[in-house]
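Below is one structure; the comments refer to it alone.
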């Protein structure tokens, strides 16, 4: 599901839905589902502070459904039983993307905002699947680069790890 909660920029959901379908096929996700939510810098900054302790906007955050870490999370076995009773056994989680930050990243890297958002979706979904570029031996980066090539997601050699920026967007409202 794609949800646009920001009003500043239009988001080309039809093009992104097609990309997500192709990504799902490449990753062989079958009936496993995830949500993608588009927000502004203020919203993602609040999430980044609340869940990561970082008081700044970032481009993408992933919230795996199966992650049971943190003091406010219930026992993973109890959570699993609750999901089964609720019929939620194939949900991977949520990917949250700041469209404002994606626009800035795209401008700096010299490609379209649509391309940047595709890249962020790919990156976020890999995190939902348990990949972690901060703690693996390059496995996520290798997979991400291969999938970018297969899916036609252009981009210079920017590191796979997302850049965190705090500058305000100066762009005009537009469709990405």
Within the stretch 87-140, residues in a helix (DSSP H, G or I) and at pLDDT below 90 come out as 109, 139, 140
Scanning the stretch 11-32 for residues that are outside any helix (DSSP H, G or I) and either out of contact with any helix residue (DSSP H, G or I) (no Cβ under 9 Å at 6 or more places or on another chain) or exposed (fewer than 14 other Cβ atoms within 10 Å of the Cβ) (or both) gives 28, 30, 31
Filter the stretch 33-55 for residues that are surrounded by fewer than 17 Cβ atoms within 10 Å (Cβ to Cβ) and in contact with a helix residue (DSSP H, G or I) (Cβ under 6 Å, 6 or more places away or on another chain); the one that is farthest from residue 123 (Cα to Cα) is 55
(message) Against the definition (under 18 Å from the mean Cα position of the chain (by Cα), modelled with pLDDT under 90, crowded, with 20+ Cβ neighbours inside 10 Å and within 21 Å of residue 12 (Cβ to Cβ)), how does residue 153 come out, yes or no?
(response) yes
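The values are calculated or read from the model by the stated rules, or taken from the named source; none is laboratory data. The shown structure was predicted, so the numbers you read here are calculated from the model rather than taken from an experiment. Cβ: placed from backbone, ideal geometry, glycine included. Neighbour counts: every protein chain shown.
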